[in-house]
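Trainee: My questions all concern the structure below.
The values are calculated or read from the model by the stated rules, or taken from the named source; none is laboratory data. Keep in mind the model is a prediction, meaning the values are calculated, not measured. Don't worry about glycine lacking a Cβ; one is built from the backbone with ideal geometry, like all the others, and counts go over all protein chains shown.
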Amino acid sequence: MMGAALSRWTMAFFAAALVCLLGAQTMIVLGYGFPSTAVEDPQTLVLVHMVTIGWLSLLMCGALFQFVPVLVAQPLIGAQLVLPALICLVAGLASLLAGFLQLSGDLEIGIAFLPIAGVLLPMGFGLVVVVLGRTLLSGRPLPLPARFVAAGLACLVATASIGVLFASLLSGFAPAGHAVDWRGEALPLHVTAGFGGWLTLTAIGVSYRLLPMFMLSPDKERATGTTVLWSSCAALFLVLVAVPVERMLGGPGAAWHAACLAMLVAVVLYGVDLVFFYRHRKRRNIELNSRSAIGAFAALYLSVALLVALVATGTLGQNIAALVYLVAFGWLSGLGLSQLYKIVPFLTWLECYGPVMGRKPTPRVQDLVVEKRDMPWFALYFCGVLVGTAALLAGMPDLFRLAALATLCATVALVVEMVLVRRLFNVAIAARLPEGTARPRLFLSSSR
């Protein structure tokens, strides 16, 4: 990693993603979307896609542009397409949100935004898949984390394809749209491919690389990790392909039970690997990013337990929003924020002090942050997510918005900390800018 080139636009991806996260949390606090409106209401769709595309997908894309070359020990192929991908994704997201606002009657303008989004978003994600896919192919045979990323990219293609179908149906460009039960049949597939495939598979793959790297744990590929990958892929294939086909043919439901079994195997063995990483670390003191990640992993297993409980009690349909909230804000967002807390200082250190490393005295990466000051914000964030999930389950919207306010305050504090990191604010003035260094720009990394 020390010798890897810095992705020029990764910080811009991170900045856009954090803006979307703050915007989504603010909307929740103000009562915009669910639970104030129905799950399928256009206002809720605005909120959901602010989180899934604006926050989580932009975050993941920015991280992958930096770390995929590290995973395969190859330069990023097609780096000139990264900025067009960012522009298409941001413009496509804006068009998608505007289209939903048109559906809700909150925006009245004579431009059909949903078809525009149906072009820009696939273009953006297509560029992402092309750049990352070509880079992965250049590094074969792929290590385990890279194989997770490849599987996640395949699910991204599926998610985007279903999303284009939805955009066509909602905008009236698909004449057969009335024959499709988009909420009962296609929407669960869209959610599963997005949350379970693209975001979760990729997050797991990245964690298999970042946790050993930051905690100095053994990173040799283990049979448990390979089994997690194949079990996860099997579960997704069964849910996305076998279950719908079996349902159409009137089968007994064996594919669903097989998918649940495969998911259970993946979840258990992933937990085994997580415990292995933490127990066998060489870094005695766990840094805040790895400590706070435990909250995200706890949210993942709470999500699985909640899913099992809701299915067993037959209440999954009426409580699906609580489950999605715990997955999106507890597991995925919690892991994203915890790793950003390390990634931003790490890349900032490489950008600023890497060129003079070994020739000039430089601060440590840990000197760019103040962990004691920031630890309470992570605690507040995860407590807010837990209370918010409980409030959704209990049908208490006011408590839910109050809990969302806590997560918003915590996120604002962490974003401020990342800005301070980019400005080298926490580094002692005498050691801040040795000769031969320059202060990093806020949103644009210097390529080297």
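Trainee: Give just the number: which of (1) at pLDDT below 95; (2) under 28 Å from residue 445 (Cα atoms); (3) within 14 Å of the chain's Cα centre (by Cα) does residue 293 not satisfy?
Mentor: So residue 293 meets the others, but not (1).
Trainee: Then there is this: For the stretch 98-119, enumerate the residues that are crowded, with 21+ Cβ neighbours inside 10 Å and either assigned to a loop (DSSP other than H, G, I, E, B) or in contact with a Gly (Cβ under 6 Å, 6 or more places away or on another chain) (or both).
Mentor: Selection gives 113, 114, 117.
Trainee: Step by step: first the residues of the stretch 390-448, then only those that are among the polar types (S, T, N, Q) and within 22 Å of the chain's Cα centre (by Cα), then the one that is farthest from residue 305 (Cα to Cα). Which residue is that?
Mentor: Of everything passing the filter in the stretch 390-448, 445 is farthest from residue 305 (Cα to Cα).
Trainee: Go through the stretch 26-61 and count every residue that is at pLDDT 95 or above and of a type in the set (Gly, Ala, Ser).
Mentor: Adding up the residues that qualify gives 2.
Trainee: Looking at the stretch 360-373, is at least one residue under 25 Å from residue 299 (Cα atoms), assigned to a helix (DSSP H, G or I) and of a type in the set (Val, Ile, Thr)?
Mentor: No: the stretch 360-373 contains no residue that is under 25 Å from residue 299 (Cα atoms), assigned to a helix (DSSP H, G or I) and of a type in the set (Val, Ile, Thr).
Trainee: On to the next question. Go through (1) closer than 30 Å to residue 76 by Cα; (2) aliphatic (A, V, I, L, M); (3) not in a helix (DSSP H, G or I) for residue 419 and report which single condition fails.
Mentor: Here residue 419 meets the rest and fails (3).
Trainee: Go through the stretch 5-51 and give me each residue that's in contact with a Pro (Cβ under 9 Å, 6 or more places away or on another chain) and closer than 29 Å to residue 70 by Cα.
Mentor: 5, 7, 11
Trainee: Test residue 384 against the stated conditions and say whether it is more than 13 Å from residue 368 (Cβ to Cβ), in contact with a Ser or Thr (Cβ under 6 Å, 6 or more places away or on another chain) and either surrounded by fewer than 18 Cβ atoms within 10 Å (Cβ to Cβ) or among the small types (Gly, Ala, Ser) (or both).
Mentor: yes
Trainee: Looking only at the stretch 17-47, which residues are of a type in the set (A, V, I, L, M, F, W, C) and buried (at least 21 other Cβ atoms within 10 Å of the Cβ)?
Mentor: Once the filter is applied, which keeps residues that are of a type in the set (A, V, I, L, M, F, W, C) and buried (at least 21 other Cβ atoms within 10 Å of the Cβ), the stretch 17-47 yields 17, 18, 20, 21, 24, 28, 34, 45, 46, 47.
Trainee: From 51, 68, which residue is touching a helix residue (DSSP H, G or I) at 6+ places or on another chain (Cβ under 9 Å), farther than 20 Å from residue 195 by Cα and crowded, with 19+ Cβ neighbours inside 10 Å?
Mentor: 68
Trainee: Which is outside any loop (DSSP other than H, G, I, E, B), crowded, with 21+ Cβ neighbours inside 10 Å and over 19 Å from the mean Cα position of the chain (by Cα), of 270, 341, 278, 353?
Mentor: Testing whether each residue is outside any loop (DSSP other than H, G, I, E, B), crowded, with 21+ Cβ neighbours inside 10 Å and over 19 Å from the mean Cα position of the chain (by Cα) leaves just 353.
Trainee: Next up: Need the failing condition index for residue 67 against (1) closer than 26 Å to residue 323 by Cα; (2) at pLDDT below 95, just the number.
Mentor: Against the list (1) closer than 26 Å to residue 323 by Cα; (2) at pLDDT below 95, residue 67 comes up short only on (1).
Trainee: Can you tell me which residue in the stretch 281-299 is surrounded by the most Cβ atoms within 10 Å (Cβ to Cβ), limited to those that are touching a Gly at 6+ places or on another chain (Cβ under 8 Å) and more than 26 Å from residue 226 (Cβ to Cβ)?
Mentor: 292
Trainee: In addition: From 386, 402, 393, which residue is free of Cβ contacts under 8 Å to residues at least 24 places away in the same chain, within 30 Å of residue 36 (Cα to Cα) and of a type outside the set (Lys, Arg)?
Mentor: 402
Trainee: Within the stretch 422-448, which residues are farther than 28 Å from residue 385 by Cα, basic (Lys, Arg) and in a helix (DSSP H, G or I)?
Mentor: Passing the criteria: only 432.
Trainee: Quickly run through the stretch 62-95 and pick out the residues that are among the small types (Gly, Ala, Ser) and in contact (Cβ under 8 Å) with a residue 40 or more places away in the chain.
Mentor: Within the stretch 62-95, 62, 63, 73, 78, 79, 85 meet the criteria.
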